[in-house]
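This report refers to the structure that appears directly beneath it.
The values are calculated or read from the model by the stated rules, or taken from the named source; none is laboratory data. Please read all numbers here as calculations on a predicted model, not as lab measurements. We place every Cβ from the backbone using ideal geometry, glycine too, and count neighbours over all the protein chains shown. In case anyone asks, the SASA skips ligands and DNA or RNA and just uses the protein heavy atoms, side chains included. Shrake-Rupley method; radii C 1.70, N 1.55, O 1.52, S 1.80 Å.
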Amino acid sequence: MTFKELVKKALFLEILSGLALTLKVFLKKPVTIRYPHEKRPVSPGFRGRHAMVRESETGKERCVACMKCAMVCPSQCIYIKYNGGDGTPRELVKYEIEAYRCIYCGYCVEVCPMNAIVLTEHYEYSSYKREDNYFDKERLLLNWDEHVKTFKGKGYFNKFWSPPGIDIKRLPVGKRESINTGK
Ligand code: SF4
Ligand code: SF4
């Protein structure tokens with residue numbers, strides 16, 4: 001053992017340096033959060049749970065059953081049924097999305113000529129029942145109501161997943177304010 005090593009041992013320098021490192025890390029701000037009590041803000045453009053846009057005047061969906069979203073969906077997880085056609089307007093009878101099969105590519109949003117479907121910032125999918133993530137039309141409309149309530153501001157809504165056809169003025173007042181202030 002060299003003299004230097006002997007001094008280090010005698011003065012417990014290695015132990016002290018280890019303890020100093022522990023203390024330094026202990027005093028740092030943690031990188032983890034206490035989920036679900038704390039949640040990280042969702043990044044703009046996050047592609048989460050689907051919602052069907054509800055027209056505020058009629059309370060109904062915008063979808064005209066053109067089938068484009070179902071055709072473009074690479075996961076083939078959109079199921080649509082309609083009445084009419086052949087010269088008469090189609091009436092949407094069934095619109096379902098199997099969320100567990102979805103890969104959140106956003107093609108359904110992009111292709112929709114009516115801006116009737118959006119992806120929201122919601123990411124908490126855990127459930128005791130598989131059916132909870134099998135969205136039918138009513139559930140998709142409720143997802144929209146919830147999305148509007150937890151609205152994330154202009155940056156999120158317009159830049160990424162706000163279909164251009166949505167009239168911001170027809171959203172609830174609180175939501176409009178948050179758009180105007182950009183919060
Ligand atoms: S996001 Fe993509 S995979 Fe999911 S339903 Fe839409 S088109 Fe299909
Ligand atoms: S593309 Fe839009 S309008 Fe056409 S069926 Fe899908 S959601 Fe409805």
Checked against a 18 Å limit on the C-alpha separation, the offending pairs among Lys60/Lys137; Lys39/Lys129; Lys68/Lys149; Lys68/Lys137 are Lys39/Lys129; Lys68/Lys149
Expressed in square angstrom to the nearest 10, the accessible area of Val93 with a 1.4 Å probe stands at 80
HN-Hα couplings for segment 84-100 via Karplus (6.51, -1.76, 1.60; θ = phi - 60°), in whole Hz with x for Gly/Pro, come out as x, x, 6, x, 9, x, 6, 10, 5, 9, 9, 9, 9, 10, 8, 5, 5
Residue separation between Glu138 and Arg90 times 0.36 nm, minus their alpha-carbon distance, gives in nm 15.5 nm
Nearest-0.05 FRET efficiency for Glu131 and Arg34 at R0 = 22 Å, using Cβ-Cβ distance, is 0.15
Per the C-alpha gyration tensor (a ≥ b ≥ c, the square roots of its eigenvalues), segment 43-86 is rounded if a/c is under 1.5, else prolate if a/b beats b/c, else oblate; here it's oblate
Within segment 51-136, DSSP-loop trypsin sites (Lys or Arg not before Pro) with at most 15 other C-beta atoms within 10 Å are Lys60, Lys129
Amide H proximity to Val53 below 5 Å, modelled H, separation 5+ or other chain, gives Arg62, Ile117, Val118
Sequence order, segment 129-139: Karplus ³J(HN,Hα) from phi using 6.51 cos²θ - 1.76 cosθ + 1.60, θ = phi - 60°, Hz rounded, Gly and Pro as x, gives 10, 4, 4, 4, 10, 10, 8, 8, 4, 4, 5
With label points set 7 Å from each Cα along the Cα-to-Cβ direction at Leu21 and Arg101, the distance between them in nm comes to 5.2
Inter-part gap, Cα centre of segment 17-34 to Cα centre of segment 43-58, in whole angstrom, is 41
In whole Hz, the Karplus estimates of ³J(HN,Hα) for segment 13-22 (6.51, -1.76, 1.60; θ = phi - 60°; x where Gly or Pro) are 5, 5, 5, 5, 5, x, 5, 5, 5, 4
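How much length is gained if the chain between Met71 and Lys149 is pulled fully straight, taking 0.36 nm per residue apart and subtracting their Cα-Cα distance, in nm to one decimal? Could you put the intermediate results ahead of the total?
Numbers: separation 78, 0.36 × 78 = 28.08 nm, distance 3.06 nm.
25.0 nm is the gain from fully extending Met71 to Lys149.
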